[in-house]
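**Q** Sending over a structure as structure tokens; questions will come in a sec.
The values are calculated or read from the model by the stated rules, or taken from the named source; none is laboratory data. Model, not experiment: these values are computed from the prediction. Cβ sites come from the backbone with ideal geometry, for glycine too, and all protein chains shown count toward neighbours. Accessible surface is based on the protein model in full, side chains and every heavy atom, while ligands, DNA and RNA are left aside. Shrake-Rupley method; radii C 1.70, N 1.55, O 1.52, S 1.80 Å.
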Amino acid sequence: MTWTHKHLLGLEGLSRDELTFLLDTAERFHEVLDRPIPFVPALRGKTILNMFYEPSTRTSMSFAMAGKRLSADMVGFSKLTSAVQKGENLLDTVRTIESMRVDGVVIRHSCPGSAKFIADRIDAFVVNAGDGAHEHPTQGLLDLFAARKRVGSFEGKRLVIVGDITHGRVARSAIIGFAAMGAKVTICGPPTLIPRDLGKAFPYIEIDHDFDRASKDADMVMMLRIQLERQHTGLFPSIREYRRLYCLTAQRLKKLKPDVVVMHPGPMNRGVEIEPAVADGANSVILAQVRAGVAVRMAILYILAGGELER
Ligand code: CP
């Protein structure tokens, strides 16, 4: 197939063929990571800017690693040590850096639409590494990649996403990506953490506030981080209550399908949304997700930096 997108701003609008192509390309790079010398010269001479306006461990490090594994020059940018502290705005910052000849920009920002805002104004390709509560497309891709290794085809498989959907860009990208690949998606959590119009935005999903009922026949469960900083805003009564209703405990896991795939994008609140024994157990692909993140990000940087490539 011929890849036609200049940027990766979200999974919205990508076809099943395009998602499959991205996952298959990531598969090739996943093998590269197993080599004694896990480098390929694919992006030699390319310069990619890794701009993080919000904290990140997994995404920022795996983009940096992905670029290095492809032999690109990766330039890091942190809001805390930049002229942003002197009041420079986002567009001026990106234009300043682009004038130094940058081929691509990876950006995480708290503002929904920030990646598109930049993409509309610069020549370099842009990858959205998480824009507010909007999308986190490479997270969605790595979730698909790690789950596909366990379930094979997604057709007719059930994914349950549990937790804070209102503040979670991970959930939006997962809904779009898994549904496009043929999975049935159920959203689960307290009503206060699920946007009222979610069913309108995604008419093909199911919403269920009862975790035990929602997850009974699930093939995959994705536990999302409860943002503890929101506990005082009245969105859920207490950590203890949340844990009682929605934590994936070892006891709950026993009631699910024996081969259910357990995912979490990280960072985790161990003992709140997921029990340590489950996070570290045989059903969990949490570390496989992290590893997949490097391969998926290698694939997307390679495809976007390489331009239109015949496959
Ligand atoms: N999953 C995820 O985006 O993690 P980071 O915030 O550490 O990048």
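**Q** Heavy-atom accessible area of His30 with all protein chains present, probe 1.4 Å, nearest 10 Å²?
**A** 30
**Q** Here's another thing I want to ask about it. As a test question: what accessible area, to the nearest 10 Å², does Ser56 have when a 1.4 Å probe is rolled over all protein chains in place?
**A** Accessible area, nearest 10 Å²: 40 Å².
**Q** Quick check: the angle from helix 16-33's long axis to the longest principal axis of the chain, C-alpha only, nearest 10 degrees?
**A** That helix lies at roughly 80 degrees to the long axis.
**Q** Scan the range 156-243 for trypsin sites (Lys or Arg not before Pro) in coil per DSSP, keeping those whose Cβ has at most 11 other Cβ atoms within 10 Å, and list them by number.
**A** Arg196
**Q** OK, next. Restricting to DSSP loop positions (anything but H, G, I, E, B) with no more than 13 other Cβ atoms inside 10 Å of their own Cβ, which trypsin sites (Lys or Arg not before Pro) remain in the range 32-122?
**A** Filter output for the range 32-122: Arg44, Arg101, Arg121.
**Q** Then there is this: Leaving ligands and nucleic acids out of the surface, order Leu49, Leu228 by accessible area at 1.4 Å, largest first.
**A** The ordering from most to least exposed comes out as Leu228, Leu49.
**Q** Mean-square fluctuation check for the chain, GNM, Cα pairs under 10 Å: which of Glu18, Glu31, Glu135 is largest?
**A** Looking only at Glu18, Glu31, Glu135, the largest GNM fluctuation is found for Glu31.
**Q** For the chain, modelled as a Gaussian network with Cα springs under 10 Å, which listed residue fluctuates most, Ile175, Ile107, Ile239?
**A** Ile239
**Q** Cut-off 10 angstrom, C-alpha nodes, Gaussian network model of the chain. Which of Met268, Met100, Met74 fluctuates the most?
**A** Greatest mean-square fluctuation among the candidates belongs to Met100.
**Q** Using the alpha-carbon atoms, what tilt in degrees (0 to 90, nearest 10) does helix 137-151 show relative to the longest principal axis of the chain?
**A** Approximately 60 degrees, to the nearest 10.
**Q** Sticking with this one: Once the Cβ-Cβ distance between Arg101 and Asp280 is put in as r, and R0 is 41 Å, what FRET efficiency do you end up with, to the nearest 0.05?
**A** It comes to 0.35.
**Q** Expressed as an acute angle from 0 to 90° and rounded to the nearest 10, what is the orientation of the C-alpha long axis of helix 286-306 relative to the principal long axis of the chain?
**A** Approximately 30 degrees, to the nearest ten.
**Q** Shifting gears a bit: With all protein chains present, how much of the accessible area of the range 24-64 (probe radius 1.4 Å) comes from carbon and sulfur, to the nearest whole percent?
**A** Its accessible area is 56 percent carbon and sulfur atoms.
**Q** Heavy atoms only, 1.4 Å probe, whole protein assembly: order Tyr242, Tyr53 by accessible area, highest first.
**A** Most to least solvent-accessible, the answer reads Tyr53, Tyr242.
**Q** Would you mind working out the accessible area per residue for the chain, using a 1.4 Å probe, and quoting it in Å²?
**A** Per-residue accessible area for the chain comes out at 45 Å².
**Q** Let me ask another. With a ≥ b ≥ c the root eigenvalues of the C-alpha gyration tensor of the range 97-235, is it rounded (a/c under 1.5), prolate (a/b larger than b/c) or oblate?
**A** It comes out oblate by the Cα gyration axes.
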